[in-house]
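The values are calculated or read from the model by the stated rules, or taken from the named source; none is laboratory data. Keep in mind that this is a model prediction, so the values were computed, not measured. All Cβ positions, glycine included, derive from the backbone under ideal geometry; neighbour counts span all protein chains shown. Side chains are part of the model used for accessible areas, which takes the heavy atoms of the whole protein and leaves out ligands, DNA and RNA. Shrake-Rupley method; radii C 1.70, N 1.55, O 1.52, S 1.80 Å.
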Amino acid sequence: MAKFNPFIRNVPVYEDVSKEKFLQEIYPKRIPALLRGVDIGPCTHLWTLSYLCEKGTSEPVKIHVSTENDMDFINKNYAYRTLPFDELVTRCAEDIHQDFFFDEKEKYYLRALGTDNRKDPANLSTEFPQLAKDVKFPEFFNEEQFFSSVLRIGSPHLRLWTHYDIMDNVLMQIKGTKHVILFSPQDANKLYLKGDKSMILNVEDPDLEKFPLFAMAHQHHCTLNPGDILFIPAMWFHNVVAEDFSVSVNVFWKHLSPELYDPKDPYGNKDPIPASQALQGLRRALKLLEKLPAEYKDFYGRRMVMEIEEKAYLDKG
Ligand SMILES: O=C(O)CCC(=O)C(=O)O
Ligand SMILES: [Fe+2]
């Protein structure tokens, strides 16, 4: 039997959640929730391989190609390539490829992009209109709050690194099974961040000599099956691995006032404007401390941390 680990817990599961129940009981908690039995439309039974190939898009799609299971944004063990959509779907569903870029067992990941991917957020209705008809988004937010809807198709066993997004999100599982491990924004200091991503790639077997604090990060686990919806609140870190051929759609929406978001953010992962300005201010403050000898820098650095803890933390610990 696996050893009990007090740092691992399951994401709470809610059955047959109405809009009212979500908005009154689940959403305000601002923790992840797995919702079962919400109608996400006929996609769960209609989207066979042949249907996806036929109703997808005739535009080529940009994909990640990886020869390893854990995609590594540090050493870049994946490459960006382009494939016709039906070819991508076919390859994601097969274990061994006749045609390939690097090797016959390579894996693929599509994260759909907007029409102009430098500025437009992805929108299922625009880029995949025939498929969009089959997906019903939960009515958990107002139309003006909608930010993007993203089709994600991937090969078995491919893992997307731990990262956070800055929008509220529902990840709808349509085909296949996915395992998701989430971490609270309050555990950010145990995740060894590089920007919006954690440098710990293999979260299931981490190198604790290199990343000792990770052992104390609480892991929130869940398994998504077709029809399941995972609510991922803004800033919650998530690491996602597919067990088999997987198709999901996620919807990001704005939880804060619209003017707080960076207008040039097609992915929904740029820090809100005041947060990014505050980070810039911090970097300026640290640069100022460079003018002082090390022991002064250390002392004033600590005073800054104390002030941040007192004025910004929810939990003053
Ligand atoms: O399901 C995936 O592959 C990744 C999902 C994700 O990162 C998201 O919904 O923000
Ligand atoms: Fe994400």
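The residues of the range 126-153 that are farther than 14 Å from VAL251 by Cα and in contact with a helix residue (DSSP H, G or I) (Cβ under 6 Å, 6 or more places away or on another chain), listed by number, are GLN130, LEU131, ASP134, ILE153. The strands (runs of 3 or more DSSP E) falling completely within the range 21-88 that include 3 or more residues that are open to solvent by 70 Å² or more (accessible area, probe 1.4 Å) map to 78-84.
Looking at this structure, is LEU160 surrounded by 20 or more Cβ atoms within 10 Å (Cβ to Cβ), farther than 21 Å from ARG9 by Cβ, among the aliphatic types (A, V, I, L, M) and more than 12 Å from ligand 1 (Cβ to nearest atom)? Taking the combined requirement at face value, the residue does not satisfy it. Can you find even one residue in the range 95-108 that is in contact (Cβ under 8 Å) with a residue 60 or more places away in the chain and either open to solvent by less than 60 Å² (accessible area, probe 1.4 Å) or part of a loop (DSSP other than H, G, I, E, B) (or both)? Yes, the range 95-108 contains at least one residue that is in contact (Cβ under 8 Å) with a residue 60 or more places away in the chain and either open to solvent by less than 60 Å² (accessible area, probe 1.4 Å) or part of a loop (DSSP other than H, G, I, E, B) (or both). Only one of the numbered conditions (1) of a type outside the set (Asp, Glu); (2) within 11 Å of ligand 1 (Cβ to nearest atom); (3) assigned to a loop (DSSP other than H, G, I, E, B); (4) surrounded by 21 or more Cβ atoms within 10 Å (Cβ to Cβ) is violated by VAL247, and that is (3).
Could you list all residues from the range 250-261 that are open to solvent by less than 10 Å² (accessible area, probe 1.4 Å) and among the aromatic types (Phe, Trp, Tyr)? Result: PHE252, TRP253. Taken over the range 211-227, the residue count meeting the criterion of being outside any strand (DSSP E or B) and open to solvent by less than 10 Å² (accessible area, probe 1.4 Å) is 2. Among the residues of the range 242-291, write down those that are hydrophobic (A, V, I, L, M, F, W, C) and within 15 Å of ligand 2 (Cβ to nearest atom). Across the range 242-291, the qualifying residues are ALA242, VAL249, VAL251, PHE252, TRP253. Of all the listed residues (LYS264, LYS287, LYS270), the sole one being within 16 Å of ligand 1 (Cβ to nearest atom) and open to solvent by 20 Å² or more (accessible area, probe 1.4 Å) is LYS270.
If the condition is being part of a loop (DSSP other than H, G, I, E, B), within 28 Å of GLY154 (Cα to Cα) and touching a strand residue (DSSP E or B) at 6+ places or on another chain (Cβ under 7 Å), then the range 1-16 contributes VAL11, PRO12. Evaluated against (1) in contact (Cβ under 8 Å) with a residue 60 or more places away in the chain; (2) more than 11 Å from ligand 2 (Cβ to nearest atom), ASN239 falls short on exactly one condition, (2). I'm checking my understanding of the structure. Among residues of the range 163-185 that are surrounded by fewer than 21 Cβ atoms within 10 Å (Cβ to Cβ) and under 21 Å from GLY268 (Cβ atoms), which one is farthest from ligand 1 (Cβ to nearest atom)? This residue is SER184. Taking the numbered list (1) at negative phi; (2) under 23 Å from the mean Cα position of the chain (by Cα) in turn, GLU59 passes all entries but (2). Within the span defined as the range 205-227, every residue fails to be more than 28 Å from LEU124 (Cβ to Cβ), at pLDDT below 95 and within 16 Å of ligand 2 (Cβ to nearest atom).
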